[in-house]
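For reference, the structure is listed below as C-alpha coordinates.
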Amino acid sequence: ELKVEQNPLFLSMQEGKNYTIYCNYSTTSDRLYWYRQDPGKSLESLFVLLSNGAVKQEGRLMASLDTKARLSTLHITAAVHDLSATYFCAVDGLWTGTASKLTFGTGTRLQVTL
Amino acid sequence: DAGVIQSPRHEVTEMGQEVTLRCKPISGHDYLFWYRQTMMRGLELLIYFNNNVPIDDSGMPEDRFSAKMPNASFSTLKIQPSEPRDSAVYFCASSLYSEPANEQYFGPGTRLTVT
(Lines give C-alpha, C1' and ligand atoms only; values in the text may rest on other atoms or scores of the structure.)
Protein backbone atom coordinates (compact mmCIF):
# COMPACT_ATOMS: atom_id res chain seq x y z
CA GLU A 1 0.00 0.00 0.00
CA LEU A 2 1.33 3.38 -0.99
CA LYS A 3 1.83 5.71 1.96
CA VAL A 4 2.60 9.40 1.88
CA GLU A 5 3.88 11.28 4.90
CA GLN A 6 4.34 14.99 5.32
CA ASN A 7 6.16 16.93 7.95
CA PRO A 8 5.70 19.07 9.75
CA LEU A 9 1.94 18.83 10.18
CA PHE A 10 1.75 22.40 11.37
CA LEU A 11 4.15 25.23 10.71
CA SER A 12 4.00 28.70 12.12
CA MET A 13 6.51 31.07 10.61
CA GLN A 14 7.19 34.75 10.54
CA GLU A 15 6.95 36.82 7.43
CA GLY A 16 10.25 37.04 5.63
CA LYS A 17 11.55 33.68 6.86
CA ASN A 18 12.39 30.60 4.81
CA TYR A 19 11.22 27.08 5.49
CA THR A 20 10.79 23.69 3.89
CA ILE A 21 7.96 21.17 3.95
CA TYR A 22 8.89 17.53 3.39
CA CYS A 23 6.93 14.79 1.67
CA ASN A 24 8.05 11.16 1.86
CA TYR A 25 6.36 8.30 0.05
CA SER A 26 6.71 4.58 0.40
CA THR A 27 6.90 3.10 -3.10
CA THR A 28 8.46 3.97 -6.39
CA SER A 29 6.73 6.76 -8.26
CA ASP A 30 7.98 9.28 -10.73
CA ARG A 31 5.06 11.63 -10.39
CA LEU A 32 4.31 13.86 -7.48
CA TYR A 33 1.74 16.63 -7.10
CA TRP A 34 1.47 19.56 -4.71
CA TYR A 35 -1.88 21.12 -3.86
CA ARG A 36 -2.89 24.13 -1.81
CA GLN A 37 -6.08 24.43 0.24
CA ASP A 38 -7.23 27.70 1.75
CA PRO A 39 -9.50 27.46 4.81
CA GLY A 40 -13.01 26.48 3.80
CA LYS A 41 -12.00 26.13 0.16
CA SER A 42 -11.18 23.40 -2.27
CA LEU A 43 -7.81 22.02 -3.33
CA GLU A 44 -5.90 23.88 -6.01
CA SER A 45 -3.09 22.34 -8.00
CA LEU A 46 0.28 24.02 -7.48
CA PHE A 47 2.95 21.84 -9.04
CA VAL A 48 3.30 18.62 -10.98
CA LEU A 49 6.74 16.98 -10.73
CA LEU A 50 7.31 14.31 -13.32
CA SER A 51 10.83 13.02 -13.01
CA ASN A 52 13.80 12.64 -10.75
CA GLY A 53 15.45 15.99 -10.18
CA ALA A 54 12.46 17.97 -11.34
CA VAL A 55 12.21 21.46 -9.92
CA LYS A 56 9.30 23.84 -10.33
CA GLN A 57 9.01 27.39 -9.02
CA GLU A 58 6.11 29.77 -8.70
CA GLY A 59 6.70 33.00 -6.86
CA ARG A 60 7.99 32.24 -3.36
CA LEU A 61 7.33 28.50 -3.65
CA MET A 62 9.74 25.99 -5.11
CA ALA A 63 9.10 22.25 -5.29
CA SER A 64 11.61 19.52 -6.05
CA LEU A 65 11.55 15.76 -6.44
CA ASP A 66 14.13 13.10 -5.60
CA THR A 67 12.67 9.78 -6.70
CA LYS A 68 15.63 7.78 -5.41
CA ALA A 69 15.07 9.08 -1.90
CA ARG A 70 11.29 9.04 -2.42
CA LEU A 71 11.24 12.61 -1.21
CA SER A 72 9.77 15.86 -2.38
CA THR A 73 10.28 19.25 -0.78
CA LEU A 74 8.28 22.44 -0.94
CA HIS A 75 10.51 25.38 -0.09
CA ILE A 76 9.07 28.70 0.97
CA THR A 77 11.23 31.77 0.48
CA ALA A 78 10.60 34.99 2.39
CA ALA A 79 7.13 33.96 3.48
CA VAL A 80 4.22 36.37 3.23
CA HIS A 81 0.84 36.16 4.93
CA ASP A 82 -0.91 35.24 1.67
CA LEU A 83 0.87 31.90 1.72
CA SER A 84 -1.04 30.81 4.82
CA ALA A 85 -2.89 27.64 3.78
CA THR A 86 -2.70 23.87 4.02
CA TYR A 87 -0.34 22.23 1.55
CA PHE A 88 -0.80 18.64 0.41
CA CYS A 89 1.51 16.43 -1.55
CA ALA A 90 0.13 13.48 -3.50
CA VAL A 91 1.64 10.57 -5.38
CA ASP A 92 0.07 8.42 -8.04
CA GLY A 93 0.32 4.67 -8.22
CA LEU A 94 2.20 4.53 -11.50
CA TRP A 95 4.15 1.44 -10.51
CA THR A 96 1.36 -0.27 -8.62
CA GLY A 97 -1.08 -0.41 -11.49
CA THR A 98 -3.24 2.41 -10.26
CA ALA A 99 -1.68 5.30 -12.11
CA SER A 100 -4.90 7.27 -12.15
CA LYS A 101 -5.35 7.28 -8.38
CA LEU A 102 -3.63 9.79 -6.11
CA THR A 103 -2.63 9.07 -2.53
CA PHE A 104 -2.51 12.24 -0.49
CA GLY A 105 -0.33 13.14 2.45
CA THR A 106 -1.78 14.38 5.71
CA GLY A 107 -1.22 18.01 4.76
CA THR A 108 0.92 20.73 6.32
CA ARG A 109 -0.94 23.67 7.76
CA LEU A 110 1.16 26.77 7.23
CA GLN A 111 0.50 29.90 9.22
CA VAL A 112 2.51 32.99 8.37
CA THR A 113 2.48 35.62 11.07
CA LEU A 114 3.30 39.29 10.77
CA ASP B 1 -14.66 25.66 -18.75
CA ALA B 2 -16.58 26.09 -15.49
CA GLY B 3 -14.53 23.50 -13.67
CA VAL B 4 -15.95 20.72 -11.56
CA ILE B 5 -19.40 21.59 -10.28
CA GLN B 6 -20.87 20.20 -7.08
CA SER B 7 -24.27 20.62 -5.51
CA PRO B 8 -25.47 21.38 -3.00
CA ARG B 9 -22.66 23.42 -1.44
CA HIS B 10 -24.07 22.95 2.03
CA GLU B 11 -26.42 20.29 3.32
CA VAL B 12 -27.83 19.96 6.81
CA THR B 13 -29.92 16.92 7.51
CA GLU B 14 -31.14 14.83 10.39
CA MET B 15 -29.82 11.44 11.25
CA GLY B 16 -31.57 8.71 9.31
CA GLN B 17 -32.35 10.83 6.29
CA GLU B 18 -31.13 10.11 2.79
CA VAL B 19 -28.55 12.48 1.36
CA THR B 20 -27.60 12.81 -2.30
CA LEU B 21 -24.56 14.76 -3.42
CA ARG B 22 -24.07 15.65 -7.07
CA CYS B 23 -21.10 16.26 -9.28
CA LYS B 24 -20.53 17.40 -12.84
CA PRO B 25 -16.95 16.77 -13.97
CA ILE B 26 -14.98 18.86 -16.41
CA SER B 27 -16.13 18.10 -19.93
CA GLY B 28 -13.91 15.53 -21.63
CA HIS B 29 -12.39 14.15 -18.45
CA ASP B 30 -12.47 10.38 -18.19
CA TYR B 31 -11.87 9.91 -14.46
CA LEU B 32 -14.05 11.00 -11.59
CA PHE B 33 -13.19 10.75 -7.90
CA TRP B 34 -15.17 11.18 -4.71
CA TYR B 35 -13.25 12.22 -1.56
CA ARG B 36 -14.24 12.91 2.00
CA GLN B 37 -12.33 15.32 4.23
CA THR B 38 -12.52 15.53 8.01
CA MET B 39 -10.20 16.92 10.65
CA MET B 40 -9.72 13.50 12.18
CA ARG B 41 -9.14 11.41 9.05
CA GLY B 42 -7.88 13.95 6.56
CA LEU B 43 -8.61 13.47 2.87
CA GLU B 44 -9.93 10.03 2.01
CA LEU B 45 -10.65 8.61 -1.42
CA LEU B 46 -14.05 6.95 -1.37
CA ILE B 47 -14.52 5.72 -4.94
CA TYR B 48 -13.44 6.51 -8.45
CA PHE B 49 -14.77 5.92 -11.94
CA ASN B 50 -13.18 5.55 -15.33
CA ASN B 51 -15.42 6.19 -18.32
CA ASN B 52 -18.45 5.96 -16.02
CA VAL B 53 -17.44 2.54 -14.65
CA PRO B 54 -16.55 2.20 -10.94
CA ILE B 55 -12.94 1.08 -10.64
CA ASP B 56 -12.23 1.05 -6.94
CA ASP B 57 -14.77 1.49 -4.18
CA SER B 58 -12.60 0.15 -1.38
CA GLY B 59 -12.72 3.50 0.37
CA MET B 60 -16.49 3.54 0.73
CA PRO B 61 -16.99 3.29 4.47
CA GLU B 62 -19.98 0.96 4.51
CA ASP B 63 -23.08 -0.14 2.68
CA ARG B 64 -24.87 3.05 3.57
CA PHE B 65 -22.76 4.77 0.91
CA SER B 66 -23.33 4.29 -2.79
CA ALA B 67 -22.16 6.12 -5.89
CA LYS B 68 -23.26 6.12 -9.48
CA MET B 69 -22.16 7.68 -12.71
CA PRO B 70 -24.96 7.25 -15.25
CA ASN B 71 -23.17 9.29 -17.91
CA ALA B 72 -19.94 11.16 -18.53
CA SER B 73 -21.26 14.43 -17.17
CA PHE B 74 -22.94 13.44 -13.93
CA SER B 75 -22.26 11.47 -10.78
CA THR B 76 -24.02 11.06 -7.45
CA LEU B 77 -22.92 9.98 -4.00
CA LYS B 78 -25.75 8.80 -1.81
CA ILE B 79 -25.79 8.16 1.90
CA GLN B 80 -28.74 6.25 3.26
CA PRO B 81 -29.40 6.42 6.13
CA SER B 82 -27.13 9.25 7.19
CA GLU B 83 -25.40 9.35 10.57
CA PRO B 84 -23.70 12.17 12.50
CA ARG B 85 -20.28 10.63 11.81
CA ASP B 86 -20.86 11.21 8.11
CA SER B 87 -20.50 14.95 8.70
CA ALA B 88 -17.62 16.07 6.51
CA VAL B 89 -16.74 17.96 3.37
CA TYR B 90 -17.20 15.81 0.28
CA PHE B 91 -15.15 16.69 -2.77
CA CYS B 92 -15.55 15.53 -6.29
CA ALA B 93 -12.54 15.68 -8.62
CA SER B 94 -11.99 14.82 -12.25
CA SER B 95 -9.01 14.19 -14.48
CA LEU B 96 -8.09 13.35 -18.02
CA TYR B 97 -5.63 10.51 -17.98
CA SER B 98 -2.77 11.42 -20.22
CA GLU B 99 0.96 11.27 -20.25
CA PRO B 100 2.98 12.59 -18.70
CA ALA B 101 0.80 13.91 -15.89
CA ASN B 102 -2.45 12.90 -14.26
CA GLU B 103 -3.58 16.07 -12.54
CA GLN B 104 -6.87 16.04 -10.69
CA TYR B 105 -9.14 19.07 -10.57
CA PHE B 106 -11.31 19.49 -7.51
CA GLY B 107 -14.80 20.86 -7.17
CA PRO B 108 -15.75 23.34 -4.44
CA GLY B 109 -17.01 20.61 -2.15
CA THR B 110 -20.26 19.90 -0.31
CA ARG B 111 -20.23 20.53 3.42
CA LEU B 112 -22.51 17.93 4.99
CA THR B 113 -23.77 18.24 8.54
CA VAL B 114 -25.83 15.41 9.99
CA THR B 115 -27.53 16.25 13.28
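Just a few scattered comments:
- Computed about its Cα centre, the charge dipole of the stretch A:12-114 is approximately 160 debye, with only Lys, Arg, Asp and Glu carrying charge at their Cβ.
- In the protein assembly as shown, a dipole from Cβ-located charges (positive for Lys and Arg, negative for Asp and Glu) runs towards its positive end, and of A:Ile76, A:Leu49, A:Cys89 it is A:Ile76 whose Cα lies farthest in that direction.
- Protein heavy-atom accessible area occluded, A/B pair - total, 1.4 Å probe, Å²: 1600 Å²
- Heavy-atom accessible surface of the protein assembly as shown: percent carbon and sulfur, 1.4 Å: 50 percent
- Heavy-atom accessible area with a 1.4 Å probe sorts A:Glu1, B:Glu62, largest first, into A:Glu1, B:Glu62.
- Å² of accessible area per residue within the protein assembly as shown, as computed with a 1.4 Å probe and no ligands counted: 49 Å²
- For the stretch A:2-87, taking the reciprocal of the average inverse distance between every pair of different Cα atoms yields a Kirkwood hydrodynamic radius of 13.4 Å.
- About the centre of its Cα atoms, the stretch B:21-115 shows a dipole size close to 400 debye [charges on the beta carbon of Lys, Arg (+1) and Asp, Glu (-1) only; nearest 20 debye].
- Normalised per residue, the volume of the convex hull around the Cα set of chain B (Å³): 97 Å³
- Spherically averaged projected area in nm², based on the convex hull that wraps the Cα atoms of the protein assembly as shown: 12.4 nm²
- Legend: mean number of C-beta atoms from other chains within 10 angstrom of residue C-beta atoms, peptide B:61-74, equals 0.
- Positions from the stretch A:23-45 whose accessible area shrinks by 50 Å² or more when the full protein complex is built, not the chain alone, probe 1.4 Å: A:Arg31, A:Ser42, A:Leu43
- Shielding by other protein chains, B:30-43, mean Cβ within 10 Å: 2
The values are calculated or read from the model by the stated rules, or taken from the named source; none is laboratory data. Since this is a predicted model, take the numbers as computed values, not measurements. Every residue, glycine as well, gets a Cβ built from its backbone with ideal geometry; the counts of neighbours run over all protein chains shown. Keep in mind that these areas ignore ligands, DNA and RNA; they rest on the heavy atoms of the full protein, side chains included. Shrake-Rupley method; radii C 1.70, N 1.55, O 1.52, S 1.80 Å.
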